[in-house]
Amino acid sequence: MNSRMSTYGLGLIILMTCPLMGCIEPFETEFIDFESALVINATITNQFKHQEILVSRTYEFEEEGPTGESNAKVKVVAGNGTTYDFNETEKGKYVSNAPFSAELDIDYVLNITTEEGYSYISDEVQLSNFTKIDSLYAERMTTDLGEEGMGIMINSFDATNSSKYYRYEYEETYRIVAPRFVGRDLVAGPEGWLFPGRPIDEKTCYSTDFSNRIILTDTEDLSEDRLSRFLVRFVNRENYIISHRYSILVRQYVQSFEAFNFYETLNNFSSSESLFSETQPGFLEGNVFSNENQNEKVLGYFDVAAVDERRIFFDYEEFFPGEPLPPYADPCTPSSPEEDKLVNQLDLNIIKYLDTNPNPEPTTGPFFIVLRVCGDCTVLGTSEVPDFWIE
């Protein structure tokens, strides 16, 4: 893949990685002559669904995050004459008006026109070969660094030996049980303390996290197009997210060599060794370009990829029978603040009632309390059970 090299430098490389895969820890610095660039994050798949395209702008460290590009006209044009229009559903997020799936042997081109009238077009891209996930499973393991935990593994095989290049994403959902939940609240009333009942749905919640790194592998140098025991995700046994029931949905994208090469280079840029080396590669060119200005820098990639997905569930007890649960998100150490401090903390909604203090001392109060996260799971998740959840 060709790359235009420039003096755009370290700042741009970091900025580019943020919308696509999560940011590196920022450091204090100042950028001179910051240049805003369009960022494209678009993968059309063979799944029949409302396809999504993200359009944003690079941003400086002083800003909180990427700025979505609003009011753009976004469409995908197929070689068979079909045009798929996209509407903005939230700032910078564009969703196809109708569900559709990419088909084999058809060229697809992304067209974007910004609110200011600047237009952009991608190279022609075709759908990659489809390879299904043969198996997705969890296994108790110890890493080469001596960390013990749960490995999420994939096996897949393409008998035609034509897939070769793979990218993975995952969504992990886990049940949270507040360890210090009690069925009563504590309220300072005009005539004394009140103990109203609490909803039980503050005891058990569910939360979902998304992968924020680029996960790639290939079989180019193997005798056959087979992945065996490929590690997609490792969860340390000290991580509270596996304390109770845990589920993970893994998506496998088969990519072209060009798309794989782009993501692999981007992944290398994101490592601390390359980000802070003295030999910066400058600007990573994707496959989307300006129609008006051939020198304008456009970041990101338009990909058309075949995808397969699998979901699994497991309980901590299945792999660590009779062993202590991982530590919770907070130590949940009880305290007994004096009444004036207690009222202030209740007003701020940062604590939850635990129990009565039968022997208060001069510097303590009449009740034991814990941080809200320990007695109210909605701090970390939602009480609504996901539609896909299986016990």
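Brief remarks follow.
- Index of the failed condition, G146 passing every other in (1) free of Cβ contacts under 8 Å to residues at least 60 places away in the same chain; (2) in a loop (DSSP other than H, G, I, E, B); (3) open to solvent by less than 40 Å² (accessible area, probe 1.4 Å): (3)
- Index of the failed condition, D355 passing every other in (1) outside any strand (DSSP E or B); (2) surrounded by fewer than 17 Cβ atoms within 10 Å (Cβ to Cβ): (1)
- Residue within the stretch 84-93 that is charged (D, E, K, R), part of a loop (DSSP other than H, G, I, E, B), open to solvent by less than 40 Å² (accessible area, probe 1.4 Å) and out of contact with any Cys (no Cβ under 9 Å at 6 or more places or on another chain) present: no
- Residue check for L227: farther than 23 Å from I390 by Cβ and loosely packed, with under 15 Cβ neighbours inside 10 Å: no
- Restricted to the stretch 318-352, and to residues there that are touching a residue at least 24 places away in the same chain (Cβ under 8 Å) and charged (D, E, K, R), the residue that is least open to solvent (accessible area, probe 1.4 Å) is K352.
- When the stretch 182-219 is filtered for residues that are open to solvent by less than 70 Å² (accessible area, probe 1.4 Å), in a strand (DSSP E or B), over 16 Å from C374 (Cβ atoms) and not polar (S, T, N, Q), the ones remaining, listed by number, are V187, A188, G189, G192, W193, G197, Y206, D209, I215, L216, D218.
- Flag if D355 is within 21 Å of G197 (Cα to Cα), at pLDDT 95 or above and of a type outside the set (A, V, I, L, M): yes
- Here S274 meets the list (1) outside any loop (DSSP other than H, G, I, E, B); (2) at pLDDT below 95; (3) buried (at least 19 other Cβ atoms within 10 Å of the Cβ) almost entirely, failing just condition (3).
- Residue match in the stretch 299-310 (condition: small (G, A, S) and at pLDDT below 95): yes
The values are calculated or read from the model by the stated rules, or taken from the named source; none is laboratory data. Please read all numbers here as calculations on a predicted model, not as lab measurements. Methodologically, a virtual Cβ is constructed for each residue, glycine included, from the backbone with ideal geometry; neighbour enumeration extends over all protein chains shown. Accessible surface areas use protein heavy atoms only, side chains included; no ligands, DNA or RNA. Shrake-Rupley method; radii C 1.70, N 1.55, O 1.52, S 1.80 Å.
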